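Inspection log for the structure reproduced underneath, given as structure tokens.
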Amino acid sequence: MRPRPTRPSVECFRGPDGLDAVLRRADILVCLLPLTSETRGILDRRALGLLPRGAFLLNAARGGHLVQDDLLAALDGGQIAGAALDVFEPEPLPAEHPFWTHPRVVMTPHAASITVPSSAAPQVAENLRRARSGRPLINLVDFGAGY
């Protein structure tokens, strides 16, 4: 495990104990994690139950992080006040899924981020230069890590 990052005036958390500590304090939880074997299903009944009552959830990472039935139960029971979801498992979400009509769920069409040509083009050009000169490429996916 890498050393804990330190930042002046920023409290940092890591690992399962750190996650529990963050969840207990998070009025709004934003999930942007990579989907790995360790993070699949991480937003489950237990995690949602650690959030303060009335917290909000935003998942813009991967649908596999969320146990959908657990979120529905937390919404219906008042533990979670609302959810904004940009990703689902499966995609597309079936037409009969309860998220479509749930009054406290806002859904977006897996568009948390778009490619902006003015920022993407320089990276593509840099990788072309690197490939042609035999240098390592930037921003590669590490398939061993899962992201």
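Here, each number is a calculation from the coordinates, and none is a lab measurement. Here the structure is a predicted model, which is why all the values come from computation and not from measurement. As a convention, Cβ positions derive from the backbone with ideal geometry for all residues, glycine included, and neighbour counts pool all protein chains shown.
Quick look at the numbers
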{"item": "Where the Cα pairs of the chain fall when distances are cut into 10 Å bins, in %", "result": "10, 31, 30, 21, 8, 1"}
{"item": "Gain on full stretching of the segment that runs from D27 to N139 - 0.36 nm per residue minus C-alpha separation", "result": "37.1 nm"}
{"item": "Point-to-point label distance, R7-D20, nm (Cα→Cβ direction, 7 Å offset)", "result": "2.5"}
{"item": "For the stretch 83-88, 3J(HN,Hα) per residue [Karplus equation, 6.51 cos²θ - 1.76 cosθ + 1.60, θ = phi - 60°, Hz, x = Gly/Pro]", "result": "9, 10, 10, 10, 9, 9"}
{"item": "Label point distance in nm, R104-E91, each placed 7 Å from Cα along Cα→Cβ", "result": "2.6"}
{"item": "Helix-only CD estimate at 222 nm, as mean residue ellipticity for the chain, using -39500 (n - 2.57) per DSSP H run (n ≥ 4)", "result": "-9000 deg cm²/dmol"}
{"item": "Selected from R135, R24, R46 as most flexible by GNM, with the chain as the system and alpha-carbon contacts under 10 Å", "result": "R135"}
{"item": "For R45, net neighbour charge (Lys/Arg +1, Asp/Glu -1) across residues whose Cβ lies under 13 Å away", "result": "-3"}
